[in-house]
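Before any comments, here is the structure.
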Amino acid sequence: MSLEDCSKPLLDDVKIASPCPMAWDDMARTSDEAKRFCGDCRKHVFSVDKMSSAEARALIKEASRPESSVCAQLYRRADGTIITDDCPVGLRRIRNTWRHTENNLAEHLYVIRRHRKFIFE
């Protein structure tokens, strides 16, 4: 999967006429991690970076219907592509963070184990 495949052309063509000023953290949580409820506009707002590119494309198709009114939050890279949850760049960042955390934990456990052995000998 290449970088261009992250968000697919349909997502890259999305234009936001008037971005919402409401912060994601100020919206009411729902059972879906990718969706919150905005008390100001009284709509559900979707976070594209927490959706797969297939889910995001389906949302954009829904939003393109004349009777539809969809609110979404998205992050666009400098190259114009939109970040989605299954983008290889994002997945690589998560994997690297996990590996770093895992290595730190292993080092700490090793030190604790050696320290414990030293104390009880």
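The values are calculated or read from the model by the stated rules, or taken from the named source; none is laboratory data. As the structure is a prediction and not an experimental result, all values here were calculated from the model. Cβ coordinates were reconstructed from backbone atoms using ideal geometry, including for glycine residues, and neighbour counts include every protein chain displayed.
Here is how the numbers come out for the structure above:
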{"quantity": "Failed item, numbered, when L74 is tested on (1) surrounded by 11 or more Cβ atoms within 10 Å (Cβ to Cβ); (2) aliphatic (A, V, I, L, M); (3) at pLDDT 90 or above", "calculated": "(3)"}
{"quantity": "Any hit, the stretch 36-47, residues being of a type outside the set (A, V, I, L, M), in contact with a Leu (Cβ under 9 Å, 6 or more places away or on another chain) and modelled with pLDDT of 85 or more", "calculated": "yes"}
